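The values are calculated or read from the model by the stated rules, or taken from the named source; none is laboratory data. Everything numeric in this text was worked out from a predicted model, so none of it was measured. Cβ atoms come from the backbone with ideal geometry, glycine included; neighbour counts cover every protein chain shown.
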Amino acid sequence: MIEIRAAEHDRPVTADGPHDPEGTRAVAAGIDATFRLLNYATMSPNGLAYPSDVYSVLGELSAAAAKLPQALAQMAQFITDQVTSGQAREHPSYGRYGGDADAAARALASVTREASTAAAGLGRLLGEAQSTVRGLEAAHD
């Protein structure tokens, strides 16, 4: 089990909340750290023992990729709502859109839709990869 905490002595972040910005950022950092751990685990000679281990890992990765579009859409909607309500603006000196927050929100919506399509494709491909090893098993002498 992996526990994610915003700070060392905080309670673990859970799906049921309560949620706050620090916990949300900690979850994103935890995803990055988890992929790093997975890379080390699959590189280790002891990290995988059977073809079924690869089958299981691919299934989990496929499921994770399938969840990414929801988070991307929710973040894009948050920014759109913040800009529309006047609670967010783009700084004209260092913003990419010269102070045009609406353009920034539209660009975010566009790129997150594209990322969502890519994530859905990744999820599909990982599911296909999983199915390719479905029939493999350890050979016994």
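Entry remark, segment 12-43: residues being part of a loop (DSSP other than H, G, I, E, B) and either in the same structural domain as Leu72 (by TED's automatic domain parsing) or surrounded by 11 or more Cβ atoms within 10 Å (Cβ to Cβ) (or both) number 5 in total. Comparison of Ala139, Ala88, Ala119 shows that the only residue that is out of contact with any His (no Cβ under 9 Å at 6 or more places or on another chain) and either of a type in the set (S, T, N, Q) or in a helix (DSSP H, G or I) (or both) is Ala119.
The selection criterion, being surrounded by 12 or more Cβ atoms within 10 Å (Cβ to Cβ), more than 18 Å from the chain's Cα centre (by Cα) and free of Cβ contacts under 8 Å to residues at least 40 places away in the same chain, does not hold for Ser85. Among the candidates Ala104, Ala129, Ala120, the residue that is under 17 Å from the mean Cα position of the chain (by Cα), among the aliphatic types (A, V, I, L, M), surrounded by 14 or more Cβ atoms within 10 Å (Cβ to Cβ) and modelled with pLDDT of 95 or more is uniquely Ala120.
Counting only residues that are in contact with a helix residue (DSSP H, G or I) (Cβ under 6 Å, 6 or more places away or on another chain) and more than 13 Å from Gly127 (Cα to Cα), segment 60-72 holds 3 of them.
Could you please tell me which pairs satisfy a Cβ distance under 9 Å, a separation of 6+ or placement on different chains, a first residue in segment 115-141 that is assigned by TED's automatic domain parsing to the domain that holds Val54 and more than 20 Å from Pro51 (Cα to Cα), and a second residue that is of a type in the set (Lys, Arg) and in a helix (DSSP H, G or I)? Once the first residue is assigned by TED's automatic domain parsing to the domain that holds Val54 and more than 20 Å from Pro51 (Cα to Cα) and sits in segment 115-141, its partners that are of a type in the set (Lys, Arg) and in a helix (DSSP H, G or I) give Ala119/Lys67.
Got a sec? Which of Val83, Val57 is in contact with a helix residue (DSSP H, G or I) (Cβ under 6 Å, 6 or more places away or on another chain) and under 26 Å from Ala115 (Cα atoms)?
So the residue among Val83, Val57 that is in contact with a helix residue (DSSP H, G or I) (Cβ under 6 Å, 6 or more places away or on another chain) and under 26 Å from Ala115 (Cα atoms) is Val83.
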